[in-house]
Amino acid sequence: MKQKKYGPLRTVLIYILVYGIVLLAILPQGYLIYTSFLKTSGMVFVPGYSLGSYTNAFDRMGSAIFNTIRIPMMALIIVIIFAIFISYLVVRKRNFFTSLIDSMSMIPYIVPGTVLGIAFITSFNTGVGGSGFLAITGTAFIMVVSLSVRRLPYTIRSSVANLQQISPSIEEAAESLGSSRLNTFFKITVPMMMSGIVSGAILSWVTMISELSTSILLYNVKTRTMTVAIYTEVIRGNYGVAAALSTILTALTVISLLIFMKVSKNGDIAM
């Protein structure tokens, strides 16, 4: 099949269109980063450049920056553990119940974050049946659980896609040589799944640190994350601090995405 060739003018127009779209996407973020270095006086930008916004961000929002790493990290551990076992059941033990688990695990992916946040508040506000047991509303634990539930599908889908490419005969060979099923799972299956697990985990991590819709309903003063802090600072008119926090979050997200693209370069991610 012959490759279609475009004339010089059409080629130039295509490049202008593509780079124009990319530029439009980058410009707002670039201006935000530029704004974070502007000098401020109270809530007003004044001529000159300064790191004052970053100083204020770390002084006033240091706990929010720490929470943005701490809470998603705890949620990520839960996500990885559940994703490994669910993906194994879905691929290797296919039946009605595992198919149901697979389908149900995707529900948080399609449910809006605000709806999920309200569901968590109403479910865990007074505990199970009003008994006070698991009354975790307003705690860091409910933030961890909500992030785990919301971002679990990313790691599951990645792990499932990876495991589907691994022949069961490798595990069968190990078992025929005397290895127990549990030993085979942890020493052979899980290591072979690792690229899919890591890729999905990084993608889950990126979406966790930038999550707002659920966190804005569940946070308290001690569990505030950067996305919540950015929102509250914008509401208060502290655009310098908000820009500084946004730049820090952007840097963290970009680094995570670069790692994600490096790990998933073989294209073993599927959503």
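Just to confirm the number: angle between the C-alpha axis of helix 239-263 and the first principal axis of the chain, 0 to 90 degrees, nearest 10?
Long axis of 239-263 versus the principal axis of the chain: about 30 degrees.
Over the chain, what number does the Rg to Rh ratio reach, with both radii from the alpha-carbon atoms and Rh per Kirkwood?
For the chain, the value is 1.07.
Residue by residue through region 157-169, which ³J(HN,Hα) values in whole Hz follow from phi under the Karplus form 6.51 cos²θ - 1.76 cosθ + 1.60 (θ = phi - 60°), with glycine and proline marked x?
4, 5, 5, 4, 4, 5, 5, 5, 8, 9, 5, x, 4
Using θ = phi - 60° and the Karplus curve 6.51 cos²θ - 1.76 cosθ + 1.60, what whole-Hz ³J(HN,Hα) does each residue of region 74-79 get, with Gly and Pro shown as x?
Computed from phi, the couplings for region 74-79 are 5, 5, 5, 4, 5, 4 Hz.
About its Cα centre, what dipole magnitude does the chain give when the only charges are +1 on Lys and Arg Cβ and -1 on Asp and Glu Cβ, stated in debye to the nearest 20?
In total the dipole reaches around 580 debye.
Take the chain, connect every pair of alpha-carbon atoms lying under 10 Å apart with a spring to form a Gaussian network, then pick out the residue of Ser179, Ser87, Ser246 with the largest mean-square fluctuation.
Top of the fluctuation ranking is Ser179.
Could the peptides 16-28, 98-110 be put in order, highest first, of the mean number of other beta-carbon atoms found within 10 Å of their residues?
98-110, 16-28
Taking the chain as a Gaussian network, where each spring joins two C-alpha atoms under 10 Å apart, which residue of Gly196, Gly42, Gly62 fluctuates the most?
Fluctuation is largest for Gly42.
Just report the Cα centroid separation between region 47-69 and region 112-156, whole Å.
29
Relative to the first principal axis of the alpha-carbon coordinates of the chain, what is the inclination of helix 113-124, with its axis defined by its Cα atoms, in degrees from 0 to 90 and to the nearest 10?
The angle comes out at about 70 degrees.
Helix-derived [θ] at 222 nm for the chain: sum -39500 (n - 2.57) over DSSP H runs of at least 4, divide by residue count, nearest 500?
-23500 deg cm²/dmol
Could you list the trypsin sites (Lys or Arg not before Pro) in region 33-137 that lie in coil according to DSSP, counting only those with at most 15 other Cβ atoms within 10 Å of their Cβ?
Filter output for region 33-137: Lys93, Arg94.
Name the most mobile residue of Leu13, Leu89, Leu152, meaning the one with the largest mean-square fluctuation, in a Gaussian network model of the chain with Cα contacts below 10 Å.
Leu13
Read-outs: derived from the displayed coordinates by stated rules, not from any lab. What you see is a predicted model; the values in this text were computed from it and never measured. Glycine gets a Cβ as well: all are built from the backbone with ideal geometry, and neighbour counts include every protein chain shown.
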